[in-house]
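Worksheet for the structure shown next.
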Amino acid sequence: MRKPLAWLGQLLAYAALMAFIGYLSAAPAYTPFDANKAQLKLSFRHSGPPKVECRRLSPEEIAKLAPNMRRSLDCPRERLPVAVQLELDGKVLYSAAIVPTGVWRDGPSNSYVTFAVAPGRHRLTARLRDSRRADGFDHERSADIVLAPEQVFVIDYRADKGGFLFN
Amino acid sequence: MVRRFAKQLFERTERVFDAAFSPAWNPFHHLGALGWYFFWIVLATGIYLYIFFDTGIINAYQSVDSITHGQWYAGGVMRSLHRYASDALVVVVFVHIAREWAKDRYRGARWFAWFTGVPVLWFIYICGISGYWLVWDRLAQYVAIETTEWLDTLGIFGEPVARNFLNGEALSDRFFTLMVFVHILVPLFMLILMWIHIQRNSHADMNPPTGLAVGTLATMTVLSLLFPALSHAPANLDTVVTSVNLDWFYLSAYPMLNVLPGRWLWAAFGGGTVVLALFPWLPRLRRPPVAEVSLPNCNGCARCVADCPFEAIEMRARTDGLVFEQEAVVDAGNCVSCGICAGACPTATPFRRAGGLVAGIDLPDFTVATLREQTLAATANLKGEARVLIYGCLQGPPIERLAGDSVGTVRLRCSGHLPPSFIDFVITRGHASGVIIAGCRPGDCHYRLGGQWARERFAATRDPRLRARVPHERFVQVWSGIAGKRELERALKQLQARLAGLGLYRRAEAAPAQTAVDNA
């Protein structure tokens, strides 16, 4: 026969387990993002141009290739980075040259970055370069936007939909 | 130093739990079994929830809400049990790891259970995190975005996975189907790993005792009724999540993503996992020689196989031409050199004279013959009527300081290392008036089953049995563990007081009830 004190001890142990699990399974609350801010999210998947232009092979070069591998053009796979710039109210918020993905750097350039910004009215400009030019940008879109607190504003780039998309 | 402190902490805490729960129900003695138990609860409640769960961006939240509120008495409780048992699983697993480390039960031949247990941690977390995803509330939104952003830092995906959560339009129902698949498939792999984890343990403890099982289930159920698991508001990808009630057992790494680069965290967790898996070799245990079989003395009785706690012995066809069908063969990779096999061997008796004392299976560096010599040496110069010999296992209470004019001591690898015939030998041959065996607390044997087998042998319910002719008032068992010095001193004092009136054994003595002292 177990003593009453032992039963009480068990009860206390179970109560402690219950309190420990019950509390930490949903508390304390965590604040991952300031409720008085809005979020800008820049994300796109876009390919830059090949780093080197295709070159026509000479007949001698073609002859050196295995018969089943012969081709008239040599097109190296590597692509150039895609340059992107984000400007908010005339100040550069983000500027980066995004390297292509893939072991041979021949995949699209992927971007996914977020920024916490003050809510309210803003002038937003997004620029992108996907050519071989050394500076400047090939695509640009500007808009006046009004951000509410906690709002997520997405900036995407879709060549098939005409360029930058602001949502 | 740290480990010694941790070991003492566990030892003292467990003694308190022994008093409340009894050693048989002590949850610290069944942490692995409790892990299995919580896994089964999670599985059973998960199957129930799956029946009513609907995948899809809107359907997922609505179906969980319906389960929680529409049938709070069944589905709601099941959902809460599902969560709380998952949390309890994390708790017991980490305490299990800490305890095995503190008590140094993971090195040498025991590396296998440790090594195979480490990946289970990843599976537990994948299951838990993917489960939170399925509810598709604000917490799920936070978990989904943080997880995919974190995964993207690995740079192994062709397209950022987090782009799936850019906004409501980007999200696909198929993603939920994938997550359900992950949430169901991963536990199945985990089950296989858990099964592998216990493969080198014989009589693996997979079921907690009924009392403990009922107590924990009742606790989880009461918790579920008092504080049911509830959803946050529905996910909305057009707004950012600003406050969440995290399940800190599963999601405590996520706040770190706000302050540390994701790749650092991957490196920390990946590196931490590798280091943890390599613990059994940091540093490597100096292993004593493993048990050896002496075929001329082995009659193939298989008692050593039945008693080995680590599946280190098997019976094979006889190779030496003797009339017996089988012989014992030791798997050196599994043997922890505990000597429990020698304690089980019927030939390991100090009464043997013909051909010297060589057991059928024995420890080369601590043979039964050595044990006999140490027994004789420890008792040779004892004086007085109340002469006591104390056999103590290496993990039991300290015995050497108790040695004196009337008290001799002999250290064993494990209490199961002692053939019961030694107690008979010491008492009935008059080497001492009484014997004490001091070992680990019940349920906490360093070699898993040595203490249990020893108690059963002394109670004559397991072979080799302690002979009935041994007067049990002269034999005391003290199962008080390494911190049980006081219990041992008290038992010695009581035994010596009793022996003072008895003196050395006389053949005419009867055998009354045995005296057992433990920390209960």
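Only residues that are within 18 Å of B:GLY360 (Cα to Cα), of a type in the set (A, V, I, L, M, F, W, C) and in a loop (DSSP other than H, G, I, E, B) were counted across segment B:289-310, and they come to 6. Scanning segment B:425-472 for residues that are acidic (Asp, Glu) and either surrounded by fewer than 21 Cβ atoms within 10 Å (Cβ to Cβ) or not assigned by TED's automatic domain parsing to the domain that holds B:ALA344 (or both) yields B:GLU456, B:ASP463. Being without any contact (Cβ under 8 Å) to a residue 40 or more places away in the chain, away from every other protein chain (no Cβ under 11 Å) and in contact with an Asp or Glu (Cβ under 9 Å, 6 or more places away or on another chain): is that true of A:ARG70 here? No: the conditions fail for A:ARG70. Of the residues making up segment A:113-165, those that are more than 18 Å from the chain's Cα centre (by Cα), basic (Lys, Arg) and under 23 Å from A:SER47 (Cβ atoms) are A:ARG132, A:ARG133, A:ARG141, A:LYS161. Would you confirm whether any residue within segment B:209-223 is assigned to a loop (DSSP other than H, G, I, E, B), modelled with pLDDT of 95 or more and in the same structural domain as B:TRP150 (by TED's automatic domain parsing)? Yes, because at least one residue in segment B:209-223 is assigned to a loop (DSSP other than H, G, I, E, B), modelled with pLDDT of 95 or more and in the same structural domain as B:TRP150 (by TED's automatic domain parsing). A count restricted to segment B:8-28 and to residues that are within 11 Å of another protein chain (Cβ to nearest Cβ) and either within 13 Å of the chain's Cα centre (by Cα) or among the charged types (D, E, K, R) (or both) stands at 4.
Per the listing B:ASN207, B:ASN236, B:ASN258, the residue uniquely surrounded by fewer than 16 Cβ atoms within 10 Å (Cβ to Cβ) and within 8 Å of chain A (Cβ to nearest Cβ) is B:ASN258. The set of residues from segment B:239-250 being surrounded by fewer than 21 Cβ atoms within 10 Å (Cβ to Cβ) and either over 14 Å from A:THR31 (Cβ atoms) or more than 7 Å from chain A (Cβ to nearest Cβ) (or both) comprises B:THR239, B:TRP248. Taking residues in segment B:9-24 that are on the phi < 0 side of the Ramachandran plot, and partners anywhere that are part of a helix (DSSP H, G or I), the pairs with Cβ atoms closer than 6 Å and at least 6 places apart or on different chains are B:PHE10/B:ARG99; B:PHE10/B:ALA102; B:GLU14/B:PHE28; B:PHE17/B:PHE28; B:ALA20/A:ALA6; B:ALA20/A:GLY9; B:ALA20/A:GLN10; B:PHE21/A:GLN10. The residues of segment A:39-48 that are in contact with an Asp or Glu (Cβ under 7 Å, 6 or more places away or on another chain) and either more than 13 Å from A:THR101 (Cα to Cα) or assigned to a strand (DSSP E or B) (or both), listed by number, are A:SER43, A:PHE44, A:ARG45, A:HIS46. If the condition is being surrounded by fewer than 12 Cβ atoms within 10 Å (Cβ to Cβ) and more than 7 Å from chain B (Cβ to nearest Cβ), then segment A:20-36 contributes A:PRO28, A:ASN36.
Could you please let me know if B:ARG372 is surrounded by fewer than 23 Cβ atoms within 10 Å (Cβ to Cβ) and without any contact (Cβ under 8 Å) to a residue 12 or more places away in the chain? When the stated conditions are applied, B:ARG372 does not pass them. For segment B:276-288, does any single residue satisfy the condition of being under 30 Å from B:GLU325 (Cα atoms), within 22 Å of the chain's Cα centre (by Cα) and not in a helix (DSSP H, G or I)? No, the conditions are met nowhere in segment B:276-288. When B:ASP65, B:ASP87, B:ASP104, B:ASP173 are screened for being touching a residue at least 60 places away in the same chain (Cβ under 8 Å), on the phi > 0 side of the Ramachandran plot and outside the structural domain of B:TYR447 (by TED's automatic domain parsing), only B:ASP104 passes. In summary, B:GLY56 fulfils each of the numbered conditions (1) more than 12 Å from every other protein chain (Cβ to nearest Cβ); (2) part of a helix (DSSP H, G or I); (3) surrounded by fewer than 18 Cβ atoms within 10 Å (Cβ to Cβ); (4) of a type outside the set (Phe, Trp, Tyr) with the single exception of condition (2).
Filtered by the rule that a residue be surrounded by fewer than 21 Cβ atoms within 10 Å (Cβ to Cβ), touching a residue at least 24 places away in the same chain (Cβ under 8 Å) and not in a loop (DSSP other than H, G, I, E, B), segment B:341-369 gives a lone residue, B:PHE366. Given the criteria without any contact (Cβ under 8 Å) to a residue 60 or more places away in the chain, more than 9 Å from chain B (Cβ to nearest Cβ) and in a strand (DSSP E or B), does A:ALA16 qualify? Considered against the rule, which asks whether it is without any contact (Cβ under 8 Å) to a residue 60 or more places away in the chain, more than 9 Å from chain B (Cβ to nearest Cβ) and in a strand (DSSP E or B), A:ALA16 comes out as no. With a requirement of 1 or more residues that are within 14 Å of chain B (Cβ to nearest Cβ) and closer than 30 Å to A:GLU53 by Cα, the strands (runs of 3 or more DSSP E) lying completely within segment A:101-167 that satisfy it span A:109-117, A:152-158, A:163-166. Could you tell me whether B:ALA213 is among the aliphatic types (A, V, I, L, M) and within 17 Å of A:TYR30 (Cβ to Cβ)? Criteria not met by B:ALA213.
Looking only at segment B:150-169, count how many residues are more than 7 Å from chain A (Cβ to nearest Cβ), in contact (Cβ under 8 Å) with a residue 60 or more places away in the chain and closer than 16 Å to A:VAL113 by Cβ. Total satisfying the criteria: 3.
Screening the candidates B:LEU43, B:LEU31 for the property of being away from chain A (no Cβ under 14 Å), under 21 Å from B:TYR125 (Cβ atoms) and either among the aliphatic types (A, V, I, L, M) or surrounded by 16 or more Cβ atoms within 10 Å (Cβ to Cβ) (or both) yields one hit, B:LEU43.
The values are calculated or read from the model by the stated rules, or taken from the named source; none is laboratory data. Small disclaimer: the values here were computed from a predicted structure and weren't measured. A quick note on method: Cβ atoms are made from the backbone with ideal geometry, for glycine too, and the neighbour counts reach across all protein chains shown.
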